1. Grab the other residues whose beta carbon is less than 11 angstrom from that of B:G347, score K and R as +1, D and E as -1, and report the net.
2. Along the charge dipole of region A:60-150, Cβ charges K/R +1 and D/E -1, which of A:F95, A:V115, A:S144 sits furthest on the positive end?
3. Between region A:67-106 and region B:72-97, how far is it from one alpha carbon centroid to the other, in angstrom?
4. What list do you get for B:H49, B:H122, B:H190, B:H171 if you sort them by fewest beta carbons within 10 Å?
5. Between B:T107 and B:A267, how many nm apart are label points set 7 Å from Cα along the C-beta direction?
6. Which order do B:Y219, B:Y68, B:Y248 fall in if you start with the one that has the fewest other Cβ atoms within 10 Å?
7. Quick one: putting +1 on the C-beta of Lys and Arg, -1 on the C-beta of Asp and Glu, what dipole do you get for the protein assembly as shown around its Cα centre, in Debye to the nearest 20?
8. Could you compute the net charge surrounding B:E6? Neighbours are other residues with a C-beta less than 13 Å from the C-beta of B:E6; K and R count +1, D and E count -1.
Amino acid sequence: MSAELRELYQSTILDHNREPRNFRVPATPSHRADGYNPLCGDRVTIYLTLDGDGAIEDVAFQGSGCAISTASASLMTQALKGLGRAEALALFDNFHELLTGAPDSSPQDIGKLAVFAGVREFPMRVKCATLAWHAFRSAIEGRSETAKTE
Amino acid sequence: MSFDVERIRKDFPILQVGTGPPLAYLDTAASAQKPQPVVDALGDFYTRHYANIHRGVYELSADATARYEAARDKVRAFLGAAEAREIVFVRGTTEAINLVAACYGRTHIGTGDEVLITALEHHANLVPWQQLCIERGAKLRVAPVDDAAHLDIEAFEALLGPRTRLVAATHVSNAVGTRVPVRELIRLAHARGIPVLLDGAQAAPRFPVNVLELEVDFYAFSGHKLYGPSGIGALYGRAELLDAMPPYQTGGGMIERVRFEETTFAAVPERFEAGTPNIAGAVGLGVACDYLSSIGMEAVERHEAALLAHAERLLGEIPELRVIGTAAAKTGVLSFVLDGVHPHDVGTVLDGSGVAVRAGHHCAQPLMERLGVPATVRASLGIYNNFDDLERLADAIRRCLKLFA
């Protein structure tokens, strides 16, 4: 198996695919949004609960998709918890930079999300990794239409 | 002529690229690779023979016109049609079906009428009829398939009613490979005076098709799946039906006489070919028809049947693999899912082993829903595939299962 494939499917990603974290429907989420990738049919629903200051108190998801999209949604829920809205959207920007930026760019403050660096070698899979994030952005911005990667 | 796959492989430059193992190209149902004669024909046409057609009085234009019309006759012969004017050049199967929906559908289908399709259809033979029905106040009826993706003929017959104005069915399912018993469909429809359109995108490149023997009314196929160029395809229509149809698009090339007040349209097939067509594409498609005819479509059919049987044997040895679509009659396509691995991940991992397959819904979302899978991995066959390609597929699937175990 090639080095690129090993980098793409590293153990953290396989683990989060097998056992996605925060894969549940919260009782009383304050925001929710759906994401859909028309190219491959992957679907995700993101549930947010914001506290009084607008910070993310809880984030959970449901859906079905490939290992990259499932693991990305799972790791996203962990990364977002406790962040304010501006911080969360900045994290999405940094994550996007990791997936699509120049090979030598190394975005700051992405923590565990760095495991997705291998996706850069697979442009066809960038949308898998960003699907949950697009849905998250729709949810926090209070938009009702399904977020699409296309 | 006997079928020699190793000799055929030499005709395909893309299989000779690089120094590593050759590409195991198992996505011919999406688009076929091109043999050298087709590649050369495009270069030769643009280098030596190019001009617009049906216009110039100069020799180069007359020559280009003759080559374009010769290509039409090659397509006619390939499909076994009686007259070249029954062949309309289009962009591909999608445009051919849209043309029939627009020109035949709008004039023959009205409020309360019905169009009957099957549950196996590619979106290209579904959405045009659905939209036409919405526009005309007509009803789209769908003949169901069983769990094996085999068409339910009795249900099909029961759905043929007094208001059925057209049957549109695929000849071979692009998603799961089911070979539809089209003779039976046509017999049942014609017994009630209902015309039949067949989507031949997957069938025409895989076995002999003779529109006269089938007695089919419309037959559509794409050049790019038939080892020809992309952006060109053909619609066969019985002359009597085409003659009675209004134009598709209007403009240059499809007129007889134009005044500011009115226009007299050209005869078929020019009536349906407004604007400058894909001239080189048509010439390339003619060469692709010649190429397949020189091999023999009976030989192509035997080769692909042997490949499919071998693939079913090899993949049948993998317990975590489930074949989707197990109709008794199948051609050219093997769709499957793996326990615990999403089709897109399978596609990416297989690509890492030089095995190109398609993963997804294959533009047949309602069929996927009926069969209870969001997506499948699809390995599809072509004339250049050999047993080695299939063994590499099986090995790569095992590696994929190990990675995700």
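1. 0
2. Final value for the positive-end residue is A:S144.
3. Spelled out, the Cα-based centre of one part sits 52 Å from the other.
4. By the 10 Å Cβ count, ascending: B:H190, B:H49, B:H122, B:H171.
5. Taking the simple label geometry, B:T107 and B:A267 are separated by 1.6 nm.
6. B:Y248, B:Y68, B:Y219
7. Dipole size: approximately 240 debye.
8. Result for the neighbourhood of B:E6: -1.
Values in this text are rule-based calculations from the coordinates and carry no lab data. These numbers were taken from a predicted model, which means no experiment stands behind them. Note: ideal-geometry Cβ built from the backbone for every residue, glycine included; neighbour counts use all protein chains shown.
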